[in-house]
Structures are given as C-alpha cells and as structure tokens.
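Colleague: Structure below; questions to follow.
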Amino acid sequence: MTDLAGIDLARLTDPALPEAWRSARPFPHVVIDAFTEENTCSVLAGALEDEPADTLHDEIFAMTASAVRVEDPRLRRFHAALGSPEVCAAIESLSGRRVQRADLRAFAYAPGHYLLPHTDHQEGVGRAVAYAFYLDTTPDLEGGELALFDCSLRHGEIATAREAKVIPPRRNRVVLFEVGDTSLHEVREVTRGLRLSLAGWFYP
C-alpha cells in the first residue's frame, strides 16, 4: 500500500459518504472528523512553523499562506498521500467526480484574516473537488468558520445568495465539497485566536 502519511482511508471509504455527498445542501459536500491518525495533525502543524509563508491581501482575502509548492518534507509527504491512487479513488467514489491528483497549500488565519464569498470554479483550470483540512485551532478561536451559500443563477451569473450552512473548523476535520458555478463559500473573519489548515483541490 502507498504511504498514506497518517490518513485514515477507512474514513474516506465509509459507504455512507456517497449518499451524504449527493443529499448535502446547499451543494454536494461532506464533513469527515478524525481524518488522520491523532499525531498527524501535530506533525503537520509543527511543519507549518518551519514552512516559509507570506501574508497575502487583496480585495477578497487576507491570510498567511505558504507557497503553492510546499517545501517541508512532512508537508510534501502528506501532499503525496493526498494525490495517491488510494485517496483519489476514495474521493472519486464518494463524489462521482473523476480525480487523479491534488494540490496543497498551508494557511494560517489570525485576527483580521478572512476569505470573502467566492466559488473556486475557473474555466480551463479543471478543479473538481475542493478540500479544507483543519490541523489545529487555538482554544480562544472566534470566527474562521466555513460558510456555504445557497445560490441561484441568472444568465450564467450568481443572482441571489443566502448563507445556508456554517461548518466550524475543528482539529483533524476535513471538509470536501464540489467545485461548480454555484459552490459559493467563504471563511468568516477571525476575530480572535488562530486557525491552521491545509487546503486545495483535486483535479481530473
């Protein structure tokens, strides 16, 4: 078997996940707790302390992020595990979307950091399934939740949107969701504490 870097494959191959994905609202998604062996989060959070990162800011986000290609060998090992045939097959089975590889970037959200509502869909990029894996949060964390929106389209553009679901960040929790025209989501502003995560997309 491929080195899965602590990922609990049984969590991803739970036979209940495909139906949970299909029936989820406002768009297909699943939340999986205890995604990895318990010490994996500590190992990866420790790697973030050594990983080069920059504070990024533009009109829709403010955050601290690693480079698109991570350097620390612990993060690279986990990235390889996410893109392994076993994990990709599990993602494909639960989502019905063909995936063969994944990318990975590390993020830290501190007070004042946020990601405004957006979809990850971009023509020609090929993103199929998005993921956010929470490594840790400080006990005093306020904000930083993932909010999902129920949207309607008009002439190919989002015409209406309302917040439909809020998912708190919790240590060793992964959220997977479909990338599409109406998969509008945001990371609420952190007003206190710290939220550490790895995030990216699975691609065909």
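Colleague: Using only Cα atoms, locate the centre of the stretch 183-200 and the centre of the stretch 1-40, then give the distance between them in Å, rounded to an integer.
Modeller: Between the Cα centre of the stretch 183-200 and that of the stretch 1-40, the gap is 19 Å.
Colleague: Taking Rh as the Kirkwood radius computed over C-alpha pairs, what is the Stokes-Einstein D of the stretch 26-90 at 10 °C in a medium of viscosity 1.306 mPa s, expressed in µm² per second? Let's see the in-between values first.
Modeller: Details: Rh = 14.2 Å.
Roughly 112 µm²/s, to the nearest whole number.
Colleague: Now, a different point. Quick one: accessible area per residue over the stretch 71-137, 1.4 Å probe, rounded to a whole number of Å²? Write down the numbers at each step before the final one.
Modeller: Working: 2900 Å² over 67 residues.
I get 43 Å² per residue for the stretch 71-137.
Colleague: A further question follows. Amide H to amide H, which residues 5 or more places from Gly143 or on other chains are under 5 Å from it, using H placed in the peptide plane?
Modeller: Residues meeting the criterion, in which the H sits 1.01 Å from N, are Thr191.
Colleague: Counting alpha carbon pairs within less than 8 Å and at least 6 residues apart, what relative contact order, in whole percent, applies to the chain? Before the final figure, lay out each step's value.
Modeller: On the way: 480 pairs, mean separation 58.0, N = 204.
Computed over the chain, the figure is 28 percent.
Colleague: While we're on this one: Loop-only trypsin sites (Lys or Arg not before Pro) in the stretch 29-84, please: DSSP not H, G, I, E or B, and at most 14 other Cβ atoms within 10 Å. Could you put the intermediate results ahead of the total?
Modeller: Details: sites: Arg69, Arg74, Arg76, Arg77; in loops: Arg69.
Filter output for the stretch 29-84: Arg69.
Colleague: Separate question: Which cross-chain or sequence-distant (5 or more) residues have an amide H under 5 Å from the amide H of Gln100, H modelled 1.01 Å from N in plane?
Modeller: So Gln100 has HN proximity to Tyr203.
Colleague: Dividing the Cα radius of gyration by the Kirkwood radius, what Rg/Rh value follows for the chain? List each step's numbers first, then the result.
Modeller: Numbers: Rg = 16.2 Å, Rh = 17.2 Å.
Ratio value, two decimals: 0.94.
The values are calculated or read from the model by the stated rules, or taken from the named source; none is laboratory data. None of these values were measured; they are calculated from a predicted model. Glycine also receives a Cβ, built like all others from the backbone with ideal geometry; neighbour counts cover every protein chain displayed. The accessibility values were calculated without ligands, DNA or RNA, using every heavy atom of the protein model including side chains. Shrake-Rupley method; radii C 1.70, N 1.55, O 1.52, S 1.80 Å.
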